[in-house]
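Each remark here refers to the structure printed beneath this line.
The values are calculated or read from the model by the stated rules, or taken from the named source; none is laboratory data. Keep in mind it's a predicted model, so treat the numbers as computed, not measured. With ideal geometry, Cβ positions are generated from the backbone for all residues, glycine too; neighbour counts draw on all protein chains shown. These area figures cover heavy atoms from the full protein model, side chains too; ligands, DNA and RNA do not enter into them. Shrake-Rupley method; radii C 1.70, N 1.55, O 1.52, S 1.80 Å.
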Amino acid sequence: QLVESGGGLVQAGGSLRLSCAASGRTFSGYAMGWFRQPPGKEREFVATITWDGGSTYYADSVKGRFTVSKDNAKNTVYLQMNSLKPEDTAVYYCAAKWGVANYYSHAKYAYWGQGTQVTVSS
C-alpha cells in the first residue's frame, strides 16, 4: 500500500514536500515514481528514483525545481517541489514498479497511491 500526503494550496513560487509511505509489503528492488494528472489531462511522468537511491530521473518540465529522494528505513519517498508554477496544479500520485526500465511510463507501474491534490495559485 502506498499513501501520499503533503499536498495543498500554495502560491506561485512557493514550495511543498510530498511524502509517500509504503506499507504492507516490501518494495525492495522497486523503482518509486511520482506522476501527476492535471485537470482534464492525461497522467504524466514527474520523477523516479531507484530502490537504492542511486539514480533519479525527471521530466523536463520539473528538472531543476523538483527533487525526489527516499528514506528506506522509513519506507518513504519524498518529492520536494520548489518554485511552483500554476501549471504544476494536479493530483500527484506515487507508484512502484519492479526495476527501472521504462520508468517514464505509468502503464509499467503495478502499485499506486490514492493521490494528493496540489494547487498552485497565480
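See the values below:
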| item | result |
| --- | --- |
| Filter pass, K108 being open to solvent by 20 Å² or more (accessible area, probe 1.4 Å), under 25 Å from V10 (Cβ atoms) and of a type in the set (K, R) | no |
| Region 1-28 - residue that is aliphatic (A, V, I, L, M) and more than 14 Å from the chain's Cα centre (by Cα) and, of those, least open to solvent (accessible area, probe 1.4 Å) | V10 |
| Any chance A31 is open to solvent by 10 Å² or more (accessible area, probe 1.4 Å), touching a residue at least 24 places away in the same chain (Cβ under 8 Å) and in a strand (DSSP E or B) | no |
| Subset of region 14-28 [part of a strand (DSSP E or B) and under 18 Å from K85 (Cα atoms)] | L16, R17, L18 |
| Some residue of region 100-110 being assigned to a strand (DSSP E or B) and touching a strand residue (DSSP E or B) at 6+ places or on another chain (Cβ under 8 Å) | no |
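Matching residues to (1) under 17 Å from G6 (Cα atoms); (2) outside any loop (DSSP other than H, G, I, E, B); (3) β-branched (V, I, T); (4) within 12 Å of the chain's Cα centre (by Cα):
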position: F45; (1), (2), (3), (4): no, yes, no, yes
position: T48; (1), (2), (3), (4): no, yes, yes, yes
position: W51; (1), (2), (3), (4): no, no, no, no
position: V77; (1), (2), (3), (4): yes, yes, yes, yes
position: Q80; (1), (2), (3), (4): yes, yes, no, yes
position: S83; (1), (2), (3), (4): yes, no, no, no
position: Y92; (1), (2), (3), (4): yes, yes, no, yes
position: W98; (1), (2), (3), (4): no, yes, no, no
position: V120; (1), (2), (3), (4): yes, yes, yes, no
